[in-house]
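Everything on this sheet refers to the single structure shown next.
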Amino acid sequence: MSPVLSETGFVAVGAAADVPALEGRSVLVDGRRIAIFRLPDGWAATDAACPHRGGPLQDGIVADHCVTCPLHNRRFDLRTGRQDGGDDAVAVHEVFERDGMLWMRLA
Amino acid sequence: MFSTHGILVAGGGIAGQAVCEAVRARDPHVALTLVCAEAHKPYDRVRLGALLADGTSVEDLRLRPDEWYADRQITVLTSTRVVGADLDAGTVALSDGTVRHADRVVLCTGSDAFVPPLPGRELPGVVVFRDPADCAAMVARSAQIERAAVIGGGLLGLEAAHALAARGCATSVVHLVDRLMERQLDAPAAAMLAPAMEGLGVDVRLSHATQEIAADPDGRVAGLLFSDGTSLACQLVVVAVGIRPQVGLARTLGLAVERGIVVDDRLTTSHPRVLAVGECAQHRGTVHGIVAPIHDQALVAARTLTGADAAYAGSIPTAKLKVMGVDLVTAGAAEGEREVLAADATAQTYRKLVLGADGTVLGAVLLGDIRGAELLMDAVRTGTTTEDGLALLAEASQATAAELPDTAQVCNCNGVCKGAIVGAIREGGLGSTQEVVRVTRAGAGCGSCKPIVSELLALERAGAAEEPAYLCPCARQTREQLAAIVRDEDVRSVSALGEACGAGRACGACKPGLSYLLEERQAGRFRQERHAKFINDRVHANIQHDGTFSVVPRIRGGVVTADELRRFADVADKYELPMIKITGGQRIDLLGVTKEQLPAVWEDLGMPSGYAYSKAVRTVKTCVGTQFCRFGLGDAITVGIDLEEAMEGLHTPHKVKSAVAGCPRNCSEAYVKDIGLVAVEGGWEVYVGGASGATIRKGDLLATVATAAEGKRVALAFLQHYREEGDHLERTYGYLERVGLDAVQAAVLDPERMAALLERFAIARAACDPDPWRERSAPVHPKQFAELDSDAALDLVAPAEATR
Ligand code: SRM
Ligand SMILES: Cc1cc2nc3c(=O)[nH]c(=O)nc-3n(C[C@H](O)[C@H](O)[C@H](O)COP(=O)(O)OP(=O)(O)OC[C@H]3O[C@@H](n4cnc5c(N)ncnc54)[C@H](O)[C@@H]3O)c2cc1C
Ligand code: SF4
Ligand code: FES
């Protein structure tokens with residue numbers, strides 16, 4: 001593993017090509033299910049479970065900067081994790097792509 | 001100090017709801033329980049009269065949807081009464097036998113309709129006007145009788161009488177006093193109101209003291225007997241003479257009760273942990289019977305409950321008559337020593353101000369011309385003084401919404417002032433009256449203030465026309481505008497549409513609607529994009545509460561083979577599925593399938609997708625028809641399967657459910673389907689716009705035709721018409737209500753237009769995918785049915801290799 005990345009706590013979680021444009025896919029990291037989204041200008045990662053009732057956020061509809069939970073339509077800003085029009089928030093994690101591989105670090 | 005066990009609100013009327021809203025706004029955490037004796041969650045009693053008109057249900061009157069309570073963690077119990085409480089122990093006893101903890105109790109028990117002790121008051125056919133059951137009784141009875149009588153010529157009685165008359169039932173209002181609405185109106189205004197009611201077809205009888213309700217030999221209502229010896233034949237009696245606060249529970253709890261439950265300026269009863277709000281409460285000797293004070297009281301009660309200071313100083317009584325065709329508003333005193341008047345007997349208008357000796361505005365009566373009502377109500381409410389009452393009246397009649405002070409209450413039902421409305425319009429960039437009503441709730445009550453809401457909106461929009469309903473509200477694009485862009489620029493995908501005009505980019509909620517629009521307009525040339533679809537349409541199954549999916553294969557006409565049944569059983573065993581269920585749509589549902597299992601489950605089933613997850617053609621239910629039934633007039637099974645095959649695979653604005661019945665006994669429920677074919681003697685009837693879900697509506701008879709083949713043509717032409725004209729997420733029942741049957745008949749039955757519709761239908765049908773489950777062997781993306789780590793061994797490149 002790349003020493004620089006692993007020392008800074010990043011782990012490789014999968015191939016970037018496995019996440020289609022404007023969709024999300026989840027992966028288990030340290031026992032926590034994380035949703036990773038491919039946005040028009042980069043990547044975003046959040047806890048996969050919606051703070052409302054655990055809906056799978058990776059299955060939500062993704063727009064330029066937000067995802068809408070498929071169960072009851074709560075919408076979260078993928079930059080801040082904050083719910084749009086509500087008080088809930090979802091944890092946001094760091095994620096980036098290098099050489100076709102996705103790397104992430106839990107917040 | 002109390003906050004561990006929270007607050008329990010007894011009574012889910014407007015008051016109970018207002019208390020919950022006001023408390024939640026101040027404290028997002030305190031435990032809140034709302035106990036409703038009625039079977040419904042809080043609804044808008046003010047609009048109850050709508051149930052006397054056709055097509056409105058209690059659900060339509062709901063103050064808040066279920067999610068509202070769930071989202072705010074408010075526990076709501078319905079069909080449950082509070083029966084007692086141990087106030088010092090902090091427990092409350094409910095009618096279901098359970099006991100709940102609560103440190104504070106708010107009594108919002110409202111009132112009952114008062115029925116005076118008249119002989120005959122118990123007869124069937126004697127009703128009050130207070131809840132949905134009363135309305136249902138009135139509707140049922142008014143259809144079968146010759147005349148209805150309403151006892152009571154107040155606001156409520158007049159509203160009931162007008163609604164009954166509007167249903168085509170001859171109706172009389174019988175009033176004890178010599179003028180209508182004597183509590184709110186002075187004699188001259190009342191004298192103008194009576195003929196106005198007569199003009200709407202209501203027979204008005206003043207100075208009539210009802211002595212007895214007479215019965216016919218079968219023991220049903222036959223008429224009213226009056227004290228002067230005269231009588232009136234009628235078969236329905238609505239008693240609307242007043243209300244009586246519900247104080248039984250308060251008495252049980254040992255609270256101080258007079259006419260209502262006595263409360264102080266903090267809305268606290270004689271027990272410090274119990275408050276009372278609404279029609280059950282008596283404050284400074286007054287029990288209010290209207291909505292506006294409830295909102296004032298609820299705000300004060302919420303402050304008291306959350307430990308803040310507040311005092312309720314009482315409310316000015318106001319009234320608006322909700323009878324179409326009669327404009328009437330009153331506020332405060334109707335009579336006084338100093339009155340200024342502007343009346344026109346010919347125009348039937350009457351405008352009066354009541355002033356105190358020092359020029360304080362004490363009351364207003366406006367009949368026939370209610371311009372400036374908000375300004376005058378505000379003057380009464382704030383105790384404005386004027387030296388020239390006539391000038392104030394004149395000024396009010398010229399006043400536009402622009403001149404109202406920000407504090408003027410525009411919506412008296414929901415207590416919303418002008419400032420709040422304007423603020424919401426600016427802050428939310430609201431563009432249509434409908435949006436403003438939704439956000440601010442001004443106009444969501446009796447609706448009489450909607451014109452002012454529109455006026456305020458128009459002011460904010462500097463005269464620009466209101467915005468229509470948007471398909472993409474973020475980019476402010478209507479369906480028509482988007483369709484024009486699609487056509488003019490030959491747009492072929494949702495992404496391209498987003499690039500062209502921004503639609504679908506900001507929140508994404510409209511992407512499925514955009515996707516449908518493109519598919520419908522561009523048929524075969526449209527490029528599918530999965531990110532524009534709801535998860536159900538990305539994996540062709542319905543997502544469930546735990547993130548698993550359900551699988552419903554196509555079972556045309558509800559007919560299965562033994563071999564198919566065996567495969568269902570085998571698949572359920574093999575994948576250890578938690579449930580196999582017969583659906584309400586004559587099909588079989590396999591529940592609890594994971595996303596990763598979907599392709600294999602479909603493969604083993606070997607049946608096509610039933611599209612049960614999509615806004616698409618769903619089922620065609622059938623009955624056994626002539627093939628087996630002794631009453632059968634048509635071969636429902638064959639016709640149904642044929643119809644399903646013809647339509648399946650097509651996306652639609654909302655789901656489309658159909659049925660074919662072999663005779664009017666309607667065993668397959670064809671009368672309540674989006675499209676229903678019913679065999680009758682000598683032919684087939686085609687019904688459209690039926691529904692039996694959240695809305696129940698019998699379909700409209702679109703056409704009666706000689707053969708099943710013709711029935712199918714009409715059905716398919718209608719389907720295509722709806723595909724082209726229906727709004728996204730508008731079922732056929734909504735569409736028919738919106739445009740009317742005549743318009744649909746004109747568009748579908750005209751031979752030329754029908755031929756054109758059928759041609760476009762054929763193109764769309766040829767372009768659609770009758771079985772997306774074939775993606776099991778040709779996925780649109782390698783991870784279509786997988787997470788990043790669904791099968792680590794196969795798909796994940798080892799991290800070490802990846803970075804080498
Ligand atoms: C499976 C089934 C219930 C059952 O176990 O029988 C069902 C299940 C659902 N119905 Fe239904 N409906 C089912 C028959 C019906 C029927 C009966 C019928 O079709 O004859 C109705 C009334 C008919 C009608 O629509 O007029 C019905 C009226 C609804 C409605 C109310 C629609 C309305 O506008 O009033 C909804 C909500 C909606 O569409 O927004 C709904 C929505 C749903 C959804 C899709 C809710 C959702 O979005 O997740 C449910 C999926 C549950 C799941 O986890 O899979 N379902 N639903 C039935 C599947 C029928 C099938 O074979 O395809
Ligand atoms: C047809 C009609 C038209 C009206 N039009 C207007 C109008 O245009 N403008 C206006 O301002 N006002 C109007 N009103 C009056 C207005 O509706 C009432 O003032 C208002 O609804 C009272 O609200 P509330 O919550 O205090 O009482 P209610 O609406 O009576 O609610 C009290 C609730 O508490 C429940 N309850 C009672 N005891 C218990 C218990 N022990 N445990 C649990 N639950 C209990 C009752 O079943 C009821 O559901 C109208 C009323 C009617 C009937
Ligand atoms: S009625 Fe339909 S939508 Fe409601 S819970 Fe049952 S299946 Fe789900
Ligand atoms: S679980 Fe996400 S909105 Fe309900």
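The values are calculated or read from the model by the stated rules, or taken from the named source; none is laboratory data. What you are looking at is a predicted structure, and each value in this text was computed from that prediction instead of being measured. So basically every Cβ, Gly included, is an ideal-geometry build from the backbone, and we count neighbours across all protein chains shown. For accessibility, only protein heavy atoms count, side chains too; no ligands or nucleic acids. Shrake-Rupley method; radii C 1.70, N 1.55, O 1.52, S 1.80 Å.
Please sort by residue number the GluC sites (Glu not before Pro) in the range B:325-403 whose DSSP state is loop and whose Cβ has at most 11 other Cβ atoms within 10 Å.
On the way: sites: B:GLU335, B:GLU337, B:GLU339, B:GLU374, B:GLU387, B:GLU395, B:GLU403; in loops: B:GLU335, B:GLU337, B:GLU387.
Passing sites in the range B:325-403 are B:GLU337, B:GLU387.
Taking the longest Cα principal axis of chain B as reference, the axis of helix B:373-382 is set at about 60 degrees. The average projected area of the range B:313-439, computed from the convex hull of its Cα atoms over all directions, is 8.8 nm².
Starting from 0.36 nm per residue, how many nanometres of slack lie between B:SER207 and B:ARG753 once their C-alpha separation is accounted for? Kindly include the intermediate steps, with their values, before the conclusion.
Details: separation 546, 0.36 × 546 = 196.56 nm, distance 6.17 nm.
Full-extension gain reported as 190.4 nm.
Note the angle between two axes, namely the Cα long axis of helix B:751-767 and the longest principal axis of the Cα atoms of chain B, as a number of degrees from 0 to 90, rounded to the nearest 10. On a 0 to 90 degree scale, this one is about 60.
Only sites in a loop by DSSP and with at most 14 other Cβ atoms within 10 Å count here; which GluC sites (Glu not before Pro) in the range B:88-181 make the cut?
Values: sites: B:GLU122, B:GLU146, B:GLU159; in loops: B:GLU122, B:GLU146.
Passing both the DSSP loop test and the Cβ count: B:GLU122, B:GLU146.
Where both partners of a DSSP beta bridge lie in chain B, what percent of those bridges are antiparallel, to the nearest 5? Antiparallel: roughly 65 percent of the beta bridges in chain B.
Close amide H contacts of B:VAL241 (hydrogens built in the peptide plane, cut-off under 5 Å, sequence separation of 5 or more or a different chain): B:PHE114. Averaging Cα coordinates gives a centre for the range B:682-714 and one for the range B:41-71; these two points are 30 Å apart.
Label reach from B:ALA394 (point 7 Å along Cα→C-beta): in the range B:338-369, amide nitrogens under 16 Å belong to B:340-344, B:351-353. The amide H of B:GLN477, built 1.01 Å from its N in the peptide plane, has B:LEU471, B:CYS472 as neighbours under 5 Å, considering only residues 5 or more places off or on other chains. Its Cα gyration tensor gives the protein assembly as shown an equivalent ellipsoid, and the semi-axes of that ellipsoid, as √(5λ) in whole Å with the largest first, are 54, 37, 28. Relative to the current alpha-carbon distance between B:ARG251 and B:ALA39, full extension at 0.36 nm per residue lengthens the span by 73.9 nm. A helix-only calculation puts chain B at -9500 deg cm²/dmol for mean residue ellipticity at 222 nm, using -39500 (n - 2.57) for each DSSP H run of at least four residues, averaged over all residues. The label-point distance for B:ARG525 and B:ALA465, in a model that sets each label 7 Å from Cα toward Cβ, rounds to 2.9 nm.
Using a simple charge model, +1 on the beta-carbon of Lys and Arg, -1 on the beta-carbon of Asp and Glu, nothing else, what dipole does chain B show about its Cα centre, in debye to the nearest 20? Kindly include the intermediate steps, with their values, before the conclusion.
Working: 82 positive and 102 negative charges, 197 e Å.
So the magnitude is around 940 debye.
Taking a probe of 1.4 Å, how large is the accessible area per residue of the protein assembly as shown, in Å²?
Working: 38490 Å² over 911 residues.
About 42 Å² of surface per residue is accessible.
Seen through its C-alpha gyration tensor, with square-root eigenvalues sorted a ≥ b ≥ c, the range B:471-533 comes out oblate because a/c lies at 1.5 or above while a/b is not bigger than b/c. Largest first, the extents of the alpha carbon coordinates of chain B on the three principal axes equal 89, 76, 59 Å. A simple spin-label model places the labels of B:ARG774 and B:ASP309 7.7 nm from each other, with each point 7 Å out along Cα-to-Cβ. Looking at the range B:558-636, the GluC sites (Glu not before Pro) that sit in a DSSP loop and have at most 15 other Cβ atoms within 10 Å of their own Cβ are B:GLU576, B:GLU596. What are the lysines whose alpha-carbon lies under 17 Å from the alpha-carbon of B:LYS595, with same-chain residues fewer than 8 places away excluded? Partners found: B:LYS533, B:LYS574, B:LYS783. The HN-Hα couplings worked out from phi for the range B:508-513 by the Karplus form 6.51 cos²θ - 1.76 cosθ + 1.60 (θ = phi - 60°) are x, 4, 8, 4, x, x Hz, whole numbers, x standing for Gly and Pro. Which of the listed residues, B:VAL660, A:LEU22, B:GLY383, is farthest toward the dipole's positive end in the protein assembly as shown, when Lys, Arg count +1 and Asp, Glu count -1 at the beta-carbon? Checked the options; the winner is B:VAL660.
Straight-line cross-link partners of B:LYS322 among the lysines, defined as a Cα under 27 Å from its Cα and at least 8 positions apart when in the same chain: B:LYS41, B:LYS352, B:LYS418, B:LYS450.
By DSSP, what percent of the beta bridges with both residues in chain A are antiparallel, rounded to the nearest 5? Mind showing how you got there, number by number?
Numbers: 31 of 31 bridges.
Percent antiparallel among DSSP bridges in chain A is about 100.
Using 0.36 nm per residue, how much length does the chain from B:ASP570 to B:THR385 gain when fully extended, once their Cα-Cα distance is taken away? The partial results should precede the final answer.
Working: separation 185, 0.36 × 185 = 66.60 nm, distance 8.43 nm.
That works out to 58.2 nm of additional length.
Annotation for B:ARG438 and B:GLU724: the two label points, set 7 Å from Cα along the Cα-Cβ direction, are 2.8 nm apart.
Suppose R0 equals 41 Å. What FRET efficiency, 1/(1 + (r/R0)^6) with r the Cβ-Cβ distance, do B:VAL83 and B:ALA766 give to the nearest 0.05? List each step's numbers first, then the result.
Values: r = 66 Å, r/R0 = 1.60.
Plugging the Cβ-Cβ distance into 1/(1 + (r/R0)^6) gives 0.05.
When a 1.4 Å probe is rolled over the protein heavy atoms, the share of accessible surface on the range B:549-633 that falls to carbon and sulfur comes to 55 percent. Shown in residue order for the range A:93-107 are the 3J(HN,Hα) couplings computed by the Karplus curve 6.51 cos²θ - 1.76 cosθ + 1.60 at θ = phi - 60°: 10, 8, 8, 8, 10, 9, 6, x, 10, 9, 10, 9, 9, 5, 6 Hz (x for Gly and Pro). Interface B-A: total buried accessible area of about 2800 Å², 1.4 Å probe, protein heavy atoms only.
When chain A is described by a simple charge dipole with +1 on each Lys and Arg Cβ and -1 on each Asp and Glu Cβ, the residue from A:ALA63, A:CYS50, A:PHE37 located farthest towards its positive end is A:CYS50.
Roughly how many percent of the accessible protein surface of the range A:39-93 is carbon and sulfur, given a 1.4 Å probe and a whole-percent answer?
Numbers: 880 of 2210 Å².
Roughly 40 percent, rounded to a whole number.
Any chance you could give the angle, 0 to 90 degrees and rounded to 10, that helix B:708-725 forms with the longest Cα principal axis of chain B? Taking the Cα atoms of chain B, the angle to B:708-725 is about 70 degrees.
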